[in-house]
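The values are calculated or read from the model by the stated rules, or taken from the named source; none is laboratory data. Because the structure is a prediction, the values reported are computed rather than measured. Using ideal geometry, Cβ is built from the backbone for each residue, glycine included, and neighbour counts are taken over all protein chains shown. Accessible surface is based on the protein model in full, side chains and every heavy atom, while ligands, DNA and RNA are left aside. Shrake-Rupley method; radii C 1.70, N 1.55, O 1.52, S 1.80 Å.
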Amino acid sequence: MDTDVLIVGAGPTGLALGVDLARRGVPALVLERAEGLFPGSRGKGLQPRTLEVFDDLGVLDAIRAVGGPYPVGMVWQDGERLGEHHMFDPAEASEDSPYNAPCMVPQWRTQEILAARLAELGGEIAFGREVTGLTQDADTVTAHLASGGTVRARYLVAGDGGRSVVRRTLGIDMTGETVDPNPTLVADVRIAGLDRDNWHIFPPRDGADFLAVCPLAGTEDFQVTARFPEDADVDLSPDGVRKVIEERSHIAAEDVTEVRWASDFRPRAALADRFRSGRVFLAGDAAHVHSPAGGQGLNTSVQDAYNLGWKLGAVLAGEAPAALLDSYEEERRPIAAQMLDLSTGVHRGEVRRGGATRQLGLGYRESSLTAETRGAVGEGAVRAGDRAPDGTVDGVRLFDAFRGPHWTLLALGTEAPGGGPGAVRVVRGGAHGAYGTGLFLVRPDGYVGWSGDTPEGLRGYLARFGLGA
């Protein structure tokens, strides 16, 4: 066996999963067909829930050091500023939710930070390794490479994007729709003389569609987006990009001093019919493809990895039965479907970029892994299946207590089992505003798996994951 887990694709999905597995001591290898990391800004918005994930994975400080808030939009016409456009509904940070707004970080930089963390933990990325097919049996999966070699693993995770070779090899279809038939240009450029205080918006005029120029936090670059007619042939050359900017704004072509990356796409929404086939799992864009509106694609993808990582770790360590892995599709596919609807609604102007886009309200109340045993739960109180909020209990910050690959038991105004239930960190204290009183068992991915008024049933629940006393 070459490795325990083979991850196809060194995008945000694959790198986040690699980090999560590496900190658990799980042998894993990331294969990337390109010779280096993706060079463009594409997914530039990290939602508050993803910032919480990155806090746990040990990269939040690095992300915040190079990222920044989204600038206010400024609408232009004929070289004159018409007024501001606020794209996001404001939200106040709170003890329960300390990260209140999206953080802008170009995708290439997010990937650099994740890759550095992976290397720090002893993980490995093999560049220039293109997977062309796979075979699997009851015990292993074998990836076949373009070079003619193979790599064998106990499990394989496809994070190889919307055109996933792995998904196609498995014969898994995607069901969806074209959100917008018009092609869209996206490019990273440098522009002399344009201020970086605003996201510059140039509405359609003279038969040309919109143009938006957004300063990318922590860089000297701007991300340019421009929509074209349905039958247009988008020119991705530097001169083509300069021409579009000049035709649709007051910016002269010669002021675009550098075109660093350019691509085009047609916004669509699609969901894989299955997220698993045998020993192979689909994650990220290989499982769901979003319109970029609302910034949900990269964030949903990272959280796929976060959900799958602890489950693979528990199974590979022999702590939990292989059936635990069935819960990955059970939990993540409905979330992906929900986020696809949200992305499409934002794209079509039907939904504001507000509370739902921050992804803090997502959870797994209906999951087979969720057990709510309390007789009565107050309106708005945390329930089993919900995200576990931050806070302070007896001088301990909860996110500090949760950080790491372990489970955490909160005993709030209630006695915990004597000595604690096995390999679980226990935090004791009085009633807490977000939780109230009771016992709350927090999974490694920051969701409440079990809650109760008394310890009855707790040990039986923990035994499902090899965490008995």
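Looking only at the range 75-92, decide whether some residue is out of contact with any Leu (no Cβ under 9 Å at 6 or more places or on another chain), among the β-branched types (V, I, T), under 24 Å from I201 (Cα atoms) and not in a helix (DSSP H, G or I).
No; the residues of the range 75-92 include none that is out of contact with any Leu (no Cβ under 9 Å at 6 or more places or on another chain), among the β-branched types (V, I, T), under 24 Å from I201 (Cα atoms) and not in a helix (DSSP H, G or I).
Those residues that are of a type in the set (D, E) and at pLDDT below 70, I need them from the range 332-369; list them, please. Write out each step before concluding.
Quick first cut of the range 332-369, residues of a type in the set (D, E) only: 341, 350, 366.
Result: E350, single match.
May I ask you to verify whether R168 is touching a strand residue (DSSP E or B) at 6+ places or on another chain (Cβ under 6 Å) and open to solvent by 20 Å² or more (accessible area, probe 1.4 Å)? I'd like the intermediate steps shown before the answer.
Working: touching a strand residue (DSSP E or B) at 6+ places or on another chain (Cβ under 6 Å): no; open to solvent by 20 Å² or more (accessible area, probe 1.4 Å): yes.
Considered against the rule, which asks whether it is touching a strand residue (DSSP E or B) at 6+ places or on another chain (Cβ under 6 Å) and open to solvent by 20 Å² or more (accessible area, probe 1.4 Å), R168 comes out as no.
Taking only pairs six or more apart or across chains, which ones have beta-carbon atoms under 7 Å, a first residue in the range 216-230 that is more than 16 Å from T110 (Cα to Cα) and open to solvent by 10 Å² or more (accessible area, probe 1.4 Å), and a second residue that is assigned to a strand (DSSP E or B) and of a type in the set (G, A, S)?
Once the first residue is more than 16 Å from T110 (Cα to Cα) and open to solvent by 10 Å² or more (accessible area, probe 1.4 Å) and sits in the range 216-230, its partners that are assigned to a strand (DSSP E or B) and of a type in the set (G, A, S) give T225/A212.
Would you call R190 among the basic types (K, R), free of Cβ contacts under 8 Å to residues at least 24 places away in the same chain and more than 12 Å from V280 (Cα to Cα)?
Details: among the basic types (K, R): yes; free of Cβ contacts under 8 Å to residues at least 24 places away in the same chain: no; more than 12 Å from V280 (Cα to Cα): yes.
It is false that R190 is among the basic types (K, R), free of Cβ contacts under 8 Å to residues at least 24 places away in the same chain and more than 12 Å from V280 (Cα to Cα).
Restricting attention to the range 392-407, which residues are open to solvent by less than 60 Å² (accessible area, probe 1.4 Å) and more than 23 Å from the chain's Cα centre (by Cα)?
Result: V393, V396.
Starting from the range 236-261, keep only residues that are among the polar types (S, T, N, Q), then list their pairs with residues that are open to solvent by less than 30 Å² (accessible area, probe 1.4 Å) whose Cβ atoms are within a distance under 6 Å, requiring at least 6 positions of separation or different chains.
From the range 236-261, the pairs are S249/F202; S249/L211.
Taking the range 61-81, which residues are open to solvent by less than 10 Å² (accessible area, probe 1.4 Å) and either without any contact (Cβ under 8 Å) to a residue 60 or more places away in the chain or under 11 Å from M104 (Cα atoms) (or both)?
Of all residues in the range 61-81, those open to solvent by less than 10 Å² (accessible area, probe 1.4 Å) come to 63, 73.
Passing the criteria: only I63.
Quick test of your reading of the structure: G278 fulfils all but one of (1) closer than 30 Å to A322 by Cβ; (2) crowded, with 19+ Cβ neighbours inside 10 Å. Name the failing condition by number.
The one condition G278 does not meet is (2).
Residues of the range 159-171 being under 22 Å from the mean Cα position of the chain (by Cα) and touching a residue at least 12 places away in the same chain (Cβ under 8 Å), which ones? Spell out how you get there, then give the answer.
Residues of the range 159-171 that are under 22 Å from the mean Cα position of the chain (by Cα), as a first pass: 159-167.
Result: G159, D160, G161, G162, S164, V165, V166, R167.
Please go through the range 370-399 and give me each residue that is free of Cβ contacts under 8 Å to residues at least 60 places away in the same chain and under 18 Å from D56 (Cβ atoms), ordered by number.
Scanning the range 370-399 gives V393, V396, R397, L398.
Tally the residues that are outside any helix (DSSP H, G or I) and not acidic (D, E), restricting the search to the range 99-127. Steps first, answer last, please.
Here is the first cut: in the range 99-127, the ones outside any helix (DSSP H, G or I) are 99-106, 121-127.
Now narrow it down to the ones that are not acidic (D, E): 99-106, 121-123, 125-127.
Within the range 99-127, residues that are outside any helix (DSSP H, G or I) and not acidic (D, E) number 14.
Within the range 361-391, how many residues are basic (K, R) and open to solvent by 30 Å² or more (accessible area, probe 1.4 Å)? Walk me through it before giving the result.
From the range 361-391, those basic (K, R) are 365, 374, 383, 387; that's our starting set.
Now restrict to residues that are open to solvent by 30 Å² or more (accessible area, probe 1.4 Å): 365, 383.
Total meeting the criteria: 2.
Got a number for residues in the range 241-255 being open to solvent by less than 30 Å² (accessible area, probe 1.4 Å) and over 32 Å from the mean Cα position of the chain (by Cα)? Talk me through it step by step, then tell me what you get.
If we filter the range 241-255 for residues that are open to solvent by less than 30 Å² (accessible area, probe 1.4 Å), which is where we start, we get 241, 244-245, 248-249, 251-253.
Checking the rest, the ones that are also over 32 Å from the mean Cα position of the chain (by Cα) come to 248-249, 251-253.
Residues in the range 241-255 being open to solvent by less than 30 Å² (accessible area, probe 1.4 Å) and over 32 Å from the mean Cα position of the chain (by Cα): 5 in total.
Would you please name the residue that is farthest from L271 (Cα to Cα), looking only at residues in the range 174-199 that are open to solvent by less than 40 Å² (accessible area, probe 1.4 Å) and β-branched (V, I, T)?
I191
How about the range 9-31: which of its residues are more than 19 Å from L46 (Cα to Cα) and open to solvent by 10 Å² or more (accessible area, probe 1.4 Å)?
A22, R23, R24, G25, V26, P27, A28, L29
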